[in-house]
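Let me begin by presenting the structure, written as C-alpha cells, before commenting on it.
FYI, it's all coordinate maths here, none of it is from the lab. If you're wondering where the values come from, they're calculated on a predicted model, not measured in any experiment. Counting neighbours? That spans all protein chains shown, and the Cβs are built from the backbone with ideal geometry, glycine included.
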Amino acid sequence: MGFDRARYGKRYASGGTARAAGAGAAYRMAGKTGTAQVFGLAGGTYNAGRLAKRLRDHALFVGFAPVDDPKIAVAVIVENASGGGGSVAAPIARKVMDAYLLKKYGNEEEVEGEAIVPEAVPEEEEVHD
C-alpha cells in the first residue's frame, strides 16, 4: 500500500481507537494505535487491573500531522500502561503535535499548570493471582 493510500484511508476513516485524541484539533492528524504484550496468557482473560504493573501491556501510537502536508511524525510508547494506545499514548502524541504545530507550549506562562508529558502516576497496589 502506498503512502498516499494509507494517508487517505486514515484521514477519511469514520472510526478508530485514537479518534478522540484528534477531536477538536486545528489540524487533521492520522495515526495507528497498538499494544505490545508483555507476557502471554495461558488461556486466561487479560485484566490490567488484576495484574502486577510490570506485567501490563505497553500502549503504542504512531502518527503524523497535518494529514495534507505532514510537518511532524510522532511515536509514543507508554510502558506498562493502564489502557490501550488510543486512550493512553495517542493523547500524549496530540500534546506533542500541538506543541510543535501550534506553538501551544511556547513558554512557562502559556503552560502554567499543564505539562506536555503527564506527571508520573503513583504506583498502584499490585494484585497477584
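What is the Cα convex hull volume of segment 51-98 when expressed per residue in Å³?
Values: hull volume 2.7 nm³, N = 48.
Here the figure is 55 Å³ per residue.
Rounded, prolate or oblate: pick one for segment 21-77, where a ≥ b ≥ c are the square roots of the eigenvalues of its C-alpha gyration tensor, a/c under 1.5 means rounded, and failing that, prolate if a/b is larger than b/c, else oblate.
Numbers: a/c = 3.60, a/b = 2.98, b/c = 1.21.
Cα axes put segment 21-77 in the prolate bin.
If each residue of separation counts as 0.36 nm, what is the full-extension length gain between V38 and N80 once their alpha-carbon separation is subtracted?
14.3 nm
With each pseudo-label sitting 7 Å past Cα toward Cβ, what's the D68-A23 distance in nm, one decimal?
2.4 nm
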